[in-house]
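Peer 1: Quick one: the structure is below, and I'll ask about it shortly.
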């Protein structure tokens, strides 16, 4: 069901782990749905004075597609300017992976969301203006998250209860 | 490939293949034809029916062959529902952990005007007998509870369930697909039972419904009136012959095989539970001898399966990502598992071809896979 490119990233994921000195962190997905991505970026100015994503790492709980899309988004975004990174879409990820099964397309959306949320976090922390597209996306992610939490309240409470008892 | 997915399907036995072969190219007649070719096929078909009936301690006319257990379960539920409706009965009881072919048939009946009670189970997967007793009313036409669960291997208290049903005068249907050939299966007190050939080293494409003669069903397929007018369609003679052979052989080797597989299963359970934050799903003892089901917190099941596949080990999961609905297995949810456990499940189902050294290899490889996946999981790091 997966392309060889997906399996390559699943076998040897790139840039996995945590950035201790991250400039921004994006946390998306919900354990209820079985996919969670945390993405860390380190932003620096390049020789032309432009802000670029100098380093990027991620931690993912999820299926083969979730891991492969995390790996690919980190590969594509590394070295990109903030503007270029904001312009990335899930189609760029799917293309790079030479396709994803239809039911796994949401993983590629999630990976781009994680990147955009990390950029949002960086801009917000530095009191910088947020581009409208990014703000809209951020609001949508919050709304979706609230919907999921309402819909699966009992299931999430179960997690908290068990988590606390361990 | 190390095949630990015998609950999904099994490798056919050579004896079964051999028994089937003549019915593809020699005795290939239609069992309804009058000439010798047809009558030879008919004789083989009826001999198979008799042999299976004997094994199940029922009459030959209580065996209805069909294409698979999904069909058998659909025939049991819908066939009886349509018949019961004529007598004003419209209530069906099923457990929450039935196979999808029972659950979705029940849901379809619900959408079409029938009342359905979905019986809860406890944390091991045992059906709540008190709830069962209280749920039966004068409109109840059928109780359907599986003999043993396909995912977690829990063996249901079918004898007690049969007693409750008998006391209330309600027929009991059981999906015994996973149980047959692994544990002794009693038909006493059971009105209907579904079995499948491909789970016991027989061919795919053939199943049966055992149905007591006092139970009347509406057929789902109308046609030439085959199978006592309950399942029209030219009989799959080769498949049925193979089914009978597979049943006979499975039963013969069951005492030895179930003991051998149970030892391997217990070895797997012991060693896998040494991995931190791992739980065994289902009951530790009252489970199928070939089934082990685990949840590994903070890793996702599909990833485990694909990593095992890289090591040439075939197993399965009840994780959301393995289903089109993107929701974890209804069985694990019914046990009351939290999301982090429900998504990280692994089912190992052993079979007659598995060897101890395969168990050893699996137990050596698995901890590294779980470690690797946990090392990239945000929750695992956050816990440390």
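Peer 1: Can you report the number of residues in the stretch B:326-342 which are within 15 Å of residue B:95 (Cα to Cα), in contact with a strand residue (DSSP E or B) (Cβ under 9 Å, 6 or more places away or on another chain) and part of a helix (DSSP H, G or I)?
Peer 2: Residues flagged as within 15 Å of residue B:95 (Cα to Cα), in contact with a strand residue (DSSP E or B) (Cβ under 9 Å, 6 or more places away or on another chain) and part of a helix (DSSP H, G or I) within the stretch B:326-342 amount to 3.
Peer 1: Same structure, new question: Confirm whether residue B:119 is surrounded by 23 or more Cβ atoms within 10 Å (Cβ to Cβ) and not assigned by TED's automatic domain parsing to the domain that holds residue B:329. So that I can check it myself, show each step before the final result.
Peer 2: Values: surrounded by 23 or more Cβ atoms within 10 Å (Cβ to Cβ): no; not assigned by TED's automatic domain parsing to the domain that holds residue B:329: yes.
Judged against the criteria, residue B:119 is not a match.
Peer 1: Can you tell me which of (1) touching a strand residue (DSSP E or B) at 6+ places or on another chain (Cβ under 8 Å); (2) more than 8 Å from chain A (Cβ to nearest Cβ) is the one residue B:369 doesn't meet?
Peer 2: Of the numbered conditions (1) touching a strand residue (DSSP E or B) at 6+ places or on another chain (Cβ under 8 Å); (2) more than 8 Å from chain A (Cβ to nearest Cβ), the odd one out for residue B:369 is (1).
Peer 1: A further question follows. Please find, within the stretch A:15-29, the residue that is nearest to residue A:67 (Cα to Cα) out of those that are more than 8 Å from chain B (Cβ to nearest Cβ) and surrounded by fewer than 16 Cβ atoms within 10 Å (Cβ to Cβ).
Peer 2: Per the stated criteria, the residue is A:20.
Peer 1: Looking for something without any contact (Cβ under 8 Å) to a residue 60 or more places away in the chain and part of a loop (DSSP other than H, G, I, E, B) - is there at least one such residue anywhere in the stretch B:90-108?
Peer 2: yes
Peer 1: Then there is this: Looking only at strands (runs of 3 or more DSSP E) that fall completely inside the stretch B:143-212, which ones have 2 or more residues that are free of Cβ contacts under 8 Å to residues at least 60 places away in the same chain and assigned by TED's automatic domain parsing to the domain that holds residue B:235?
Peer 2: Details: elements: B:172-175, B:192-196, B:207-211.
Ranges flagged: B:172-175.
Peer 1: Among the residues of the stretch A:52-63 satisfying the criterion of being under 30 Å from residue B:341 (Cα atoms) and surrounded by 24 or more Cβ atoms within 10 Å (Cβ to Cβ), which is farthest from the other protein chains (Cβ to nearest Cβ)? Spell out how you get there, then give the answer.
Peer 2: From the stretch A:52-63, those under 30 Å from residue B:341 (Cα atoms) are A:56-63; that's our starting set.
Then drop every residue that is not surrounded by 24 or more Cβ atoms within 10 Å (Cβ to Cβ), which leaves A:56, A:58, A:60-63.
Numbers: A:56: 14, A:58: 8, A:60: 6, A:61: 4, A:62: 5, A:63: 4 Å.
Among those that are under 30 Å from residue B:341 (Cα atoms) and surrounded by 24 or more Cβ atoms within 10 Å (Cβ to Cβ), it is A:56.
Peer 1: Name the residues in the stretch A:28-85 that are without any contact (Cβ under 8 Å) to a residue 40 or more places away in the chain, assigned to a loop (DSSP other than H, G, I, E, B) and under 30 Å from residue B:310 (Cα atoms), would you?
Peer 2: Once the filter is applied, which keeps residues that are without any contact (Cβ under 8 Å) to a residue 40 or more places away in the chain, assigned to a loop (DSSP other than H, G, I, E, B) and under 30 Å from residue B:310 (Cα atoms), the stretch A:28-85 yields only A:34.
Peer 1: Which one of B:76, B:7, B:53, B:69 is within 25 Å of residue B:133 (Cβ to Cβ) and touching a strand residue (DSSP E or B) at 6+ places or on another chain (Cβ under 9 Å)?
Peer 2: Numbers: B:7 fails: within 25 Å of residue B:133 (Cβ to Cβ); B:53 fails: within 25 Å of residue B:133 (Cβ to Cβ); B:69 fails: within 25 Å of residue B:133 (Cβ to Cβ).
Unique residue meeting the criteria: B:76.
Peer 1: Sticking with this structure for a sec: If you scan the stretch B:311-327, which residues turn out to be at the interface with another protein chain (Cβ under 7 Å from one of its Cβ atoms) and either within 21 Å of the chain's Cα centre (by Cα) or at pLDDT 90 or above (or both)?
Peer 2: Kept after step one, since they are at the interface with another protein chain (Cβ under 7 Å from one of its Cβ atoms), are these residues of the stretch B:311-327: B:319-321, B:324, B:326.
B:319, B:320, B:324 - these are the residues of the stretch B:311-327 that are at the interface with another protein chain (Cβ under 7 Å from one of its Cβ atoms) and either within 21 Å of the chain's Cα centre (by Cα) or at pLDDT 90 or above (or both).
Peer 1: Same structure again: In the stretch B:233-292, how many are outside the structural domain of residue B:157 (by TED's automatic domain parsing) and assigned to a loop (DSSP other than H, G, I, E, B)?
Peer 2: Summing the residues that are outside the structural domain of residue B:157 (by TED's automatic domain parsing) and assigned to a loop (DSSP other than H, G, I, E, B) in the stretch B:233-292 gives 14.
Peer 1: Working only within the stretch A:143-163, note down all residues that are facing chain B (nearest Cβ under 9 Å) and either surrounded by 13 or more Cβ atoms within 10 Å (Cβ to Cβ) or closer than 10 Å to residue A:30 by Cβ (or both).
Peer 2: Hits for the stretch A:143-163 are A:152, A:155, A:156, A:158, A:159, A:162, A:163.
Peer 1: Report yes if some residue within the stretch B:245-263 is at pLDDT 95 or above and facing chain A (nearest Cβ under 10 Å); otherwise report no.
Peer 2: No, the stretch B:245-263 contains no residue that is at pLDDT 95 or above and facing chain A (nearest Cβ under 10 Å).
Peer 1: Of the conditions (1) more than 14 Å from every other protein chain (Cβ to nearest Cβ); (2) on the phi < 0 side of the Ramachandran plot; (3) at pLDDT 95 or above, residue A:99 clears all except one; give me its number.
Peer 2: (2)
Peer 1: Can you say whether residue A:3 is over 30 Å from residue A:150 (Cβ atoms), surrounded by fewer than 16 Cβ atoms within 10 Å (Cβ to Cβ) and within 14 Å of chain B (Cβ to nearest Cβ), as far as the supplied structure shows? Give the derivation first.
Peer 2: Values: over 30 Å from residue A:150 (Cβ atoms): yes; surrounded by fewer than 16 Cβ atoms within 10 Å (Cβ to Cβ): yes; within 14 Å of chain B (Cβ to nearest Cβ): yes.
So residue A:3 fits the description; yes.
Peer 1: I'm trying to understand the selection: among the residues of the stretch B:341-359, which are farther than 13 Å from residue A:152 by Cβ, touching a helix residue (DSSP H, G or I) at 6+ places or on another chain (Cβ under 6 Å) and within 14 Å of another protein chain (Cβ to nearest Cβ)?
Peer 2: B:344, B:345, B:346
The values are calculated or read from the model by the stated rules, or taken from the named source; none is laboratory data. Just so we're clear, the structure is a prediction, and the values are computed from it rather than from any experiment. Ideal geometry is used to build each Cβ from the backbone, glycine not excepted, and the neighbour counts take in all protein chains shown.
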